[in-house]
């Protein structure tokens with residue numbers, strides 16, 4: 001008998017609901033037993049979706065921070081390419 005675990009996909013609204021319930025005082029253990037989602041999964045959602053206060057006072061989630069860092073890296077690469085191109089054209 002070959003058992004394969006079926007992986008359940010949860011939408012973002014469902015995940016956000018769990019994080020909100022956790023922050024309103026529900027324990028992870030209670031949420032896990034009530035909804036049938038593993039505690040580890042809920043902890044991952046909490047870590048991923050809990051906002052952190054930035055330097056300017058705005059809240060940002062770790063997911064948004066990752067997106068900003070990726071965009072920053074892309075822009076730095078583009079700037080480096082443009083600087084090299086400018087140096088080539090300045091020689092002519």
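The values are calculated or read from the model by the stated rules, or taken from the named source; none is laboratory data. Note that this is a predicted model, so its numbers are computed, not measured. Neighbour counts are summed over all protein chains in view; Cβ atoms, including those assigned to glycine, are modelled from backbone coordinates with ideal geometry.
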Scanning the range 37-88 for residues that are in a loop (DSSP other than H, G, I, E, B) and modelled with pLDDT of 90 or more, which turns out farthest from residue 21 (Cα to Cα)? 38
Which numbered condition trips up residue 14, out of (1) without any contact (Cβ under 8 Å) to a residue 12 or more places away in the chain; (2) touching a helix residue (DSSP H, G or I) at 6+ places or on another chain (Cβ under 7 Å)? (2)
Scanning the range 27-36 for residues that are surrounded by 12 or more Cβ atoms within 10 Å (Cβ to Cβ) and under 18 Å from residue 13 (Cα atoms), the one modelled with the lowest pLDDT turns out to be 35
